[in-house]
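Notes follow the structure.
Coordinate-derived values only; no laboratory data. Because the structure is predicted, anything quoted here is derived from the model rather than measured. So basically every Cβ, Gly included, is an ideal-geometry build from the backbone, and we count neighbours across all protein chains shown.
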Amino acid sequence: MEINQLVQTIAIYALPVLFAITLHEAAHGFVARHFGDMTAFAQRRISLNPMRHVDLVGTVLVPLAILLASGGRFLFGWAKPVPVNYSALRKPKQHMTLVAAAGPAANLTMAIGWALLLKLGMALPESSYSEPMVRMAEAGVRVNLIFMLLNLLPILPLDGGRILAGLLPNRVSGQYSRLEPWGLPLLLVLVVTNVLDGLLGPLVMYSESLIHAFVSL
C-alpha cells in the first residue's frame, strides 16, 4: 500500500474505530451501573470520552495493522475492559446478559448513526468536504457492524458468550463458563486461518444492506 493511500485509510478509519471500540465499553459500564454495579462509575469509566477507554495496542495498533493487512475487509481490536462486578448486580445472571448485550447494541446504534451521516453526505453537492464525509461514514457503518457481529459470537469472553451463559440453565451455564480460558486462543486461531473473515464477511455485507434500507425508509 502506497504511503498516500495508507495515510488516507488511517484518516478515514481512525474516528470510526476509536468510537466503535471505546463507546462499546462505556455502554457496558452504563448498563452495569443501572443494575446496581457502581465499579465502572467509581473508576470514571462511564464516559463518552474515548481517551478513558483507549488501549494503545488493542485500540490503535492492532486494529490498524489488521485493517491494512486485510485491505479493509476485516477488523479486530479492543479497549481497556470496563470493570464489572457481576455479584454486585441486583440479579447477577439475568443482568449479566443485559450488560453484555449493551456493547453490541451500542455498535448497532452507531452503525445507524453513521448510515444517516452517509445519507446526508450523499445528498450534499460533491465537494472536498462531502467526499471525506461519505467515505468516513461508510467506514463507520462497516466498522461498527464488524465489531457488533464479532462480539456476538458465542465464545467466552466475548459478549455473545456472556449472553449465552446468561440464557442457559444454571448447570449448563456453569459448565459452559469453564471453557472461557480457551476462548481467546480459539478466536486467534479463527482469525489467523481466515475462518472468521469468511464467516463474518457475508454477515457484514447483509447487515450493511439492512442498515441502508432502514435509513432510507
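Could you compute the net charge surrounding Thr22? Neighbours are other residues with a C-beta less than 12 Å from the C-beta of Thr22; K and R count +1, D and E count -1.
Every neighbour counted, the sum reads +1.
Dipole orientation for the chain: of the candidates Tyr86, Leu186, Pro50, Tyr86 has the Cα lying most toward the positive pole (charges on Cβ; Lys, Arg +1; Asp, Glu -1). What you get for the chain, charging only the Cβ of Lys and Arg (+1) and of Asp and Glu (-1), is a dipole of about 900 debye around the Cα centre. Counting only Cβ charges, +1 for Lys and Arg and -1 for Asp and Glu, the dipole size of the range 109-217 around its Cα centre is about 380 debye. Stokes-Einstein diffusion for the range 117-217, with the hydrodynamic radius set to the Kirkwood value over Cα pairs and evaluated at 37 °C in a medium of 0.692 mPa s, equals 206 µm²/s.
Identify which of Leu164, Leu56, Leu15 has the largest mean-square fluctuation in a Gaussian network model of the chain, with springs joining Cα atoms closer than 10 Å. Judging by the Gaussian network model, the answer is Leu56. I want the local charge near Arg171. Using Cβ-Cβ distances under 13 Å, sum +1 for each Lys or Arg and -1 for each Asp or Glu among the other residues. With Lys, Arg at +1 and Asp, Glu at -1, the net is +2.
Taking Asn107, Asn151, Asn85 in turn, the Gaussian network model of the chain (Cα-Cα springs below 10 Å) assigns the largest fluctuation to Asn85. With no solvent and one equal point scatterer per Cα, compute the Debye intensity ratio I(q)/I(0) for the chain at 0.08, 0.15, 0.18 Å⁻¹ and report its log10, rounded to two decimals. Calculated log10 I(q)/I(0) at the listed q: -0.30, -1.02, -1.37.
Taking a point 7 Å from the Cα of Arg178 along the Cα-to-Cβ direction, the residues of the range 142-172 with backbone N closer than 20 Å to it are 155-158, 161-172.
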